[in-house]
Amino acid sequence: MNYHVYSNLKPIFMIGLITFTVASFLATTELIHAQDDEAIVGYRILGESKAGPHTIQLQVSPPAPILGISRFAVRVKNTATGEIVEDARVAVLASPSEHGEAQYTLALNSPVDPNYYLSQLKLETSGVWAVEVSAESDLGDGTTVMSVMINDRVRSGTGNRWGQVLFVLISLSFAGGIGWVWYSSKKALRRRYQQK
């Protein structure tokens, strides 16, 4: 009797094992620790430049931004000493190069990592956006401008790898479920014919 329970669970176990293996591989390839010259996990560095007494680094997430919500991380350093400025007032203004409305937000320190000021903007048109970052602290104030390319939202192409992985995993789950139902029904029919 235990043999039948095990054989019914075998397809489910195999699907789970495949899903776990794929997820583990993707997670290990994306691990990046935020250090001076590296991006926060899930972000990409757009640039770093001097803005008055500050040096401002700007990062964006997702790394290949698409229409919709984009998150920005700003790191502000004292240009003279290289020390992180944790008490600055940081604002982010994004303006599209062709058409659409500019978006403005304040960036706030992250409770997890006070070295970064985090914000998010809803960028609704594709194309190049100018991102103006201003920082004001006891050192003074300064502004810098960097650019980011916002791509159209599509199911295939660059910048949508997690969506593609999710689509494949769901497709495999459906295929595995259909296979399991087919296998179980064949097995039940075989037992029924053997009992007659």
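Worth a mention:
- Members of the range 99-113 that are under 19 Å from residue 83 (Cβ atoms) and in contact with a strand residue (DSSP E or B) (Cβ under 8 Å, 6 or more places away or on another chain): 107, 109, 110
- Top-ranked residue of the range 103-124 - restricted to ones that are in a loop (DSSP other than H, G, I, E, B) and at pLDDT below 90, ranked as nearest to residue 74 (Cα to Cα): 115
- Residues satisfying the stated conditions in the range 60-73, i.e. in contact (Cβ under 8 Å) with a residue 24 or more places away in the chain and part of a strand (DSSP E or B): 60, 66, 68, 69, 70, 71, 72, 73
- Those residues of the range 87-102 which are surrounded by 14 or more Cβ atoms within 10 Å (Cβ to Cβ) and either at positive phi or modelled with pLDDT under 90 (or both), in sequence order: 100
- Scanning the range 104-124 for residues that are touching a residue at least 60 places away in the same chain (Cβ under 8 Å) and among the acidic types (Asp, Glu) yields a single hit, 113.
- Looking across the range 168-195, the residues that are surrounded by 10 or more Cβ atoms within 10 Å (Cβ to Cβ) and of a type in the set (Ser, Thr, Tyr) come down to 171, 173, 183, 184, 185.
Yes/no matrix, rows are residues, columns are (1) surrounded by 21 or more Cβ atoms within 10 Å (Cβ to Cβ); (2) at pLDDT below 90; (3) assigned by TED's automatic domain parsing to the domain that holds residue 102:
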position: 42; (1), (2), (3): no, yes, yes
position: 45; (1), (2), (3): no, no, yes
position: 55; (1), (2), (3): no, no, yes
position: 59; (1), (2), (3): yes, no, yes
position: 71; (1), (2), (3): no, no, yes
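- Residue within the range 74-85 that is closer than 25 Å to residue 126 by Cα, in contact with a strand residue (DSSP E or B) (Cβ under 7 Å, 6 or more places away or on another chain) and either of a type in the set (Phe, Trp, Tyr) or part of a strand (DSSP E or B) (or both) present: yes
- Residue among 127, 140 that is closer than 19 Å to residue 53 by Cβ and either touching a residue at least 24 places away in the same chain (Cβ under 8 Å) or touching an Asp or Glu at 6+ places or on another chain (Cβ under 7 Å) (or both): 140
The values are calculated or read from the model by the stated rules, or taken from the named source; none is laboratory data. Everything numeric in this text was worked out from a predicted model, so none of it was measured. All Cβ positions, glycine included, derive from the backbone under ideal geometry; neighbour counts span all protein chains shown.
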